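**Student:** Right, I'll just put the structure down here and ask away after.
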């Protein structure tokens, strides 16, 4: 793929495919209008993202960086920052796959303030750290352990036994949600008791997930589907086919939509959270990367192209009426 320009330009969303919902095929909605995007050259390997107001933090080779549309604002050296990060208690929390630690970075100064020996379950970096119930949570052992950290003390206050190879986490609706790809399970963890209270079966190679817009949403990477999980029952209540696969991407929710960073077909796809209709496919494929939604727009990375992109809020059309 040719190198992206580091100036604002228009990118037209690609033709839509009809989404397959649990009870049948959804009607294909109109194509979303073009969106402006600003592409920023980021040397190295900009990957996972966490939004901090009008700025965004990104993992990179040997460092974590803070960016705005005006350029890089700060960086913090870290041997191998890996996985999606979390913000809590005035700090950025990021895993270091080089030594299996959880690291705390002060948001105001970008200084490393604590290193906690938690372990990191997936040292290849396909994992995430999440915040919820006043705590930080990290998948800390591939044998099946999640660690809970108190930001007041920087100490591990609980460990939760889960399925082996549980790497992917999300917090929402009063629970921690955890996915194991080999077991094809999503596990609901009660934050009050630190125990698994529900487990449901997913499709092939489930990966990253997000809790929001009325449900929990999981990439079924091997099937190319997005699964909707009921936040009360913990069961799968719907699916939409997005592509041949959803490997090496990312997921977020907001504005009544689910946002999927994809590797094939487009940069990201947008799914209506109520109807499961695919309302937009945006940008030309740019390989693996991350995505984070804000009310004003969407941030994406394309680490093989060394870019960070800002997409302004799209003017999404209403789904087609049957």
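**Student:** Among the residues of the range 118-133, are any crowded, with 23+ Cβ neighbours inside 10 Å and farther than 23 Å from residue 249 by Cα? Talk me through it step by step, then tell me what you get.
**Tutor:** To start, the set of residues in the range 118-133 that are crowded, with 23+ Cβ neighbours inside 10 Å comprises 118, 120-121, 127-130.
In the following step, the residues that additionally are farther than 23 Å from residue 249 by Cα were identified as 118.
Yes, the conditions are met somewhere in the range 118-133.
**Student:** Taking the range 295-316, which residues are modelled with pLDDT of 95 or more, touching a strand residue (DSSP E or B) at 6+ places or on another chain (Cβ under 8 Å) and assigned to a loop (DSSP other than H, G, I, E, B)?
**Tutor:** Matches in the range 295-316: 306 only.
**Student:** What is the residue count in the range 43-59 for residues that are assigned to a loop (DSSP other than H, G, I, E, B) and crowded, with 22+ Cβ neighbours inside 10 Å?
**Tutor:** Residues that pass the stated criteria total 3.
**Student:** Scanning for something more than 28 Å from residue 283 (Cβ to Cβ) and under 19 Å from the mean Cα position of the chain (by Cα), does the range 49-59 turn up at least one residue?
**Tutor:** No - not one qualifying residue is present in the range 49-59.
**Student:** Go over the candidates 156, 162, 145 one by one and state the one that is surrounded by 20 or more Cβ atoms within 10 Å (Cβ to Cβ) and either within 27 Å of residue 293 (Cα to Cα) or touching a residue at least 24 places away in the same chain (Cβ under 8 Å) (or both).
**Tutor:** 162
**Student:** Among the residues of the range 104-114, are any buried (at least 16 other Cβ atoms within 10 Å of the Cβ) and outside any strand (DSSP E or B)?
**Tutor:** yes
**Student:** If I go through the range 213-235 residue by residue, how many of them are on the phi < 0 side of the Ramachandran plot, touching a strand residue (DSSP E or B) at 6+ places or on another chain (Cβ under 9 Å) and surrounded by fewer than 20 Cβ atoms within 10 Å (Cβ to Cβ)? Reasoning before the result, please.
**Tutor:** Within the range 213-235, the first condition is being on the phi < 0 side of the Ramachandran plot, and the residues that meet it are 215-223, 225-233, 235.
From the residues that got through so far, the ones that are touching a strand residue (DSSP E or B) at 6+ places or on another chain (Cβ under 9 Å) too are 215-223, 225-231, 233, 235.
Next, from what is left, pick out any that are surrounded by fewer than 20 Cβ atoms within 10 Å (Cβ to Cβ): 222, 230-231, 233, 235.
Going through the range 213-235 one residue at a time, the tally reaches 5.
**Student:** Just to be sure before I move on: is residue 240 over 25 Å from residue 123 (Cα atoms), more than 16 Å from the chain's Cα centre (by Cα), assigned by TED's automatic domain parsing to the domain that holds residue 146 and not in a loop (DSSP other than H, G, I, E, B) in the structure I sent? Working first, answer last.
**Tutor:** Values: over 25 Å from residue 123 (Cα atoms): yes; more than 16 Å from the chain's Cα centre (by Cα): yes; assigned by TED's automatic domain parsing to the domain that holds residue 146: no; not in a loop (DSSP other than H, G, I, E, B): yes.
Here the answer is no, as residue 240 does not meet what is asked.
**Student:** When the range 60-78 is examined, which residues are found to be free of Cβ contacts under 8 Å to residues at least 40 places away in the same chain and either assigned to a strand (DSSP E or B) or touching a strand residue (DSSP E or B) at 6+ places or on another chain (Cβ under 6 Å) (or both)? Show your work before the answer.
**Tutor:** Initially, the range 60-78 is screened for residues free of Cβ contacts under 8 Å to residues at least 40 places away in the same chain, giving 60-63, 65, 68, 70-78.
Selection gives 60, 63, 65, 68, 71, 72, 73, 74, 75, 76, 77, 78.
**Student:** Would it be correct to say that residue 252 is modelled with pLDDT under 95 and touching a strand residue (DSSP E or B) at 6+ places or on another chain (Cβ under 7 Å)?
**Tutor:** No.
The values are calculated or read from the model by the stated rules, or taken from the named source; none is laboratory data. The shown structure was predicted, so the numbers you read here are calculated from the model rather than taken from an experiment. Quick reminder, even Gly has a Cβ in these numbers, built from the backbone with ideal geometry, and neighbours come from all protein chains shown.
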